[in-house]
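Novice: What follows is a structure written as structure tokens; I'll ask about it next.
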Amino acid sequence: MLTRDELGLLQGELALALSAGDPKNIIRVYFDINASTVLKDLPTNLSSNDEYASRVIDVCIRSRWSITPSLMEKLLVRLLAGGLSSGTAELTAALQRVQLRQDPNDSCYETFWVLREQPFLNRQSLRPVLKDFIQSSNRSLLQISGPGAGRTYTGELLDYLASQLDDLHFVPVKLNKEDGPSYKVQSLAADLLSPMGEDVPESSSSNDAAELCRRILRTTKRQLGLWIFVLDGFEQSDLQPQVKELVRLLAEKCADPEYRRKMRLILVNYSEPFERLLPAAVANEVIPIPSVTKQNLIECLTQLNEQRRRAGHPPLADLETIADGMLAGAPKASGPKTTEKKRRATEKMRLRYLYDGLRAVAMAPALRG
């Protein structure tokens with residue numbers, strides 16, 4: 001809803017406003033009939049105005065536009081009306097965007113570049129799915145399926161989004177086939193809890209899936225921002241029963257209103273049914289056959305030029321010619337009578353060729369100077 005710089009300004013101004021009295025009473029005034037919504041989501045052990053400000057802003061971001069007027073709109077209106085010590089123009093512009101329901105961070109989902117000079121061409125269908133999945137709290141479980149299930153690209157996009165959005169945290173857990181039978185439920189809990197600064201307790205209940213699930217949920221609820229957990233490789237039939245039970249509990253519990261504002265769960269190639277969940281409560285993406293068009297390449301190169309402009313480098317010229325040259329050397333797309341398996345293999349080789357070509361353009365010394 002706000003940019004990183006705007007959030008920094010907002011936190012400083014809100015902390016200053018809260019210092020004028022009891023923070024909880026000021027929050028009640030700022031949010032009037034919605035104050036209970038904000039206050040119930042605040043931890044009980046907050047000890048400074050900065051902590052209160054950070055937590056209140058987190059609630060506003062997670063609420064987005066589910067309330068009219070939104071919590072963020074109410075906060076900005078109150079702060080601006082009270083007079084700011086700095087950032088008046090910036091936060092006034094932010095308020096106007098919030099009132100129009102415009103998020104300046106939406107362009108992150110359309111990126112053609114991730115991890116510095118690394119192109120991101122594929123998975124056009126994943127972008128709108130992830131945007132809705134992250135921004136809306138309607139569904140908090142996403143199942144991704146298909147040959148290979150696009151593990152690399154899914155992780156790269158999520159990692160990029162987490163690097164761009166302060167309120168987003170990405171925790172991937174990949175279980176290799178050879179490790180499945182020996183992987184314990186405590187290991188899964190530790191893989192999820194450790195990024196949040198929490199350990200698995202050394203107790204008799206630490207091997208109990210239900211108790212570990214409660215700990216993961218409680219810990220996630222205390223964190224700032226939205227946490228996205230990705231479980232890949234947990235479709236194996238020879239997993240220990242408690243591991244399977246913890247995955248099932250997390251998938252079902254993350255859909256509860258109490259938790260879905262704070263967490264999302266993505267299961268890759270996981271086909272076990274969830275009896276407590278209605279199909280409409282689960283988002284799905286079936287990985288299509290890779291397909292890259294000339295326009296995709298031009299859009300990718302256009303974004304590269306924008307990055308170069310911001311860095312003070314000269315732009316690439318004649319993007320269509322560059323795109324045509326890449327496509328001319330790429331493996332040819334399969335015909336309509338080719339089997340899906342052969343088409344998928346050809347398109348993956350084609351995608352890799354174009355990926356390498358784009359990265360070579362981005363990394364060329366003559367162009368980087």
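Novice: Measure of size requested: the Rg and Dmax of the stretch 79-191, with Cα atoms as the atom set and Å as the unit; please supply both.
Specialist: 19.0, 61
Novice: Sum up the lysine pairs in the stretch 217-369 that clear both bars: alpha-carbon distance under 28 Å and a spacing of 8 or more or different chains.
Specialist: Value for the stretch 217-369: 15.
Novice: Towards the positive end of the charge dipole of the chain, with charges on Cβ (+1 Lys, Arg; -1 Asp, Glu), say which of GLN164, ILE287, ASN207 has the farthest Cα.
Specialist: The Cα lying farthest towards the positive end belongs to ILE287.
Novice: I've got another one for you. Give, as ranges by residue number, the residues of the stretch 201-232 whose backbone N falls under 15 Å from the point 7 Å along Cα→Cβ of ASP256.
Specialist: Inside the label zone: 209-222.
Novice: Quick one: length gained pulling LEU277 to SER19 fully straight, 0.36 nm per residue minus the C-alpha distance?
Specialist: 88.4 nm
Novice: For the chain, give the share of DSSP beta bridges that are antiparallel, in percent and rounded to the nearest 5; count only bridges with both residues there.
Specialist: Among the beta bridges of the chain, antiparallel pairing accounts for roughly 10 percent.
Novice: Modelled label-to-label distance, ILE298 and ASN207, 7 Å Cα→beta-carbon offset: nm?
Specialist: According to this spin-label approximation, the distance is 6.2 nm.
Novice: What's the magnitude of the charge dipole for the stretch 4-99 around its Cα centre, counting Lys and Arg as +1 and Asp and Glu as -1 at the beta-carbon? Answer in Debye, nearest 20.
Specialist: Using only the charged Cβ atoms, the result is roughly 300 debye.
Novice: Hey, got the dipole for the chain? About the Cα centre, +1 on K and R Cβ, -1 on D and E Cβ, debye to the nearest 20?
Specialist: Using only the charged Cβ atoms, the result is roughly 820 debye.
Novice: Give or take rounding to whole Å, what are the principal axis extents of the alpha carbon atoms in the stretch 1-84, in descending order?
Specialist: That works out to 28, 26, 22 Å along the principal axes.
Novice: Additional query: Report the paramagnetic label zone for LEU224: residues of the stretch 10-54 whose backbone N is under 11 Å from a point 7 Å from Cα along the Cα-to-Cβ axis.
Specialist: 11-12, 50-54
Novice: Also, I was wondering about something else. Mean residue ellipticity at 222 nm from the helices of the chain, using -39,500 (n - 2.57) per DSSP H segment of n ≥ 4 over the full residue count, to the nearest 500 deg cm²/dmol?
Specialist: -16000 deg cm²/dmol
Novice: Additional query: How far is it, in nm, from the label point at LYS348 to the one at ARG127 when both lie 7 Å from their Cα along the line to the Cβ?
Specialist: Here the answer is 2.4 nm between the modelled labels.
Novice: Taking one equal scatterer on every alpha-carbon of the stretch 294-368, how large is log10 of I(q)/I(0) by Debye at q = 0.19, 0.20 1/Å?
Specialist: The Debye formula, applied to the Cα set alone, gives -0.79, -0.85.
Novice: Count charges around PRO128 for me, please; just the other residues with Cβ under 12 Å from its Cβ, Lys/Arg as +1, Asp/Glu as -1.
Specialist: -1
Novice: Could you give the length gained by full extension between GLU306 and SER163, i.e. 0.36 nm per residue of separation minus their alpha carbon distance, to one decimal place?
Specialist: Full extension from GLU306 to SER163 adds 49.6 nm.
Novice: Please report how far the C-alpha centroid of the stretch 298-348 lies from that of the stretch 1-57, rounded to the nearest whole angstrom.
Specialist: Result: 47 Å between the Cα centres.
Novice: Could you work out how much longer the chain between ASN45 and ASP238 gets when fully extended? Use 0.36 nm per residue separation minus the Cα distance between them, nm to one decimal.
Specialist: Extra length from ASN45 to ASP238 when fully extended: 65.2 nm.
Novice: What is the ratio of the Cα radius of gyration of the chain to 2.2 N^0.38 Å, with N the residue count, to two decimals?
Specialist: 1.12
Every read-out reported here was derived from the displayed coordinates using simple, explicitly stated rules and does not represent laboratory data. Predicted model only: the values in this text are computed from it and were never measured. Glycine gets a Cβ as well: all are built from the backbone with ideal geometry, and neighbour counts include every protein chain shown.
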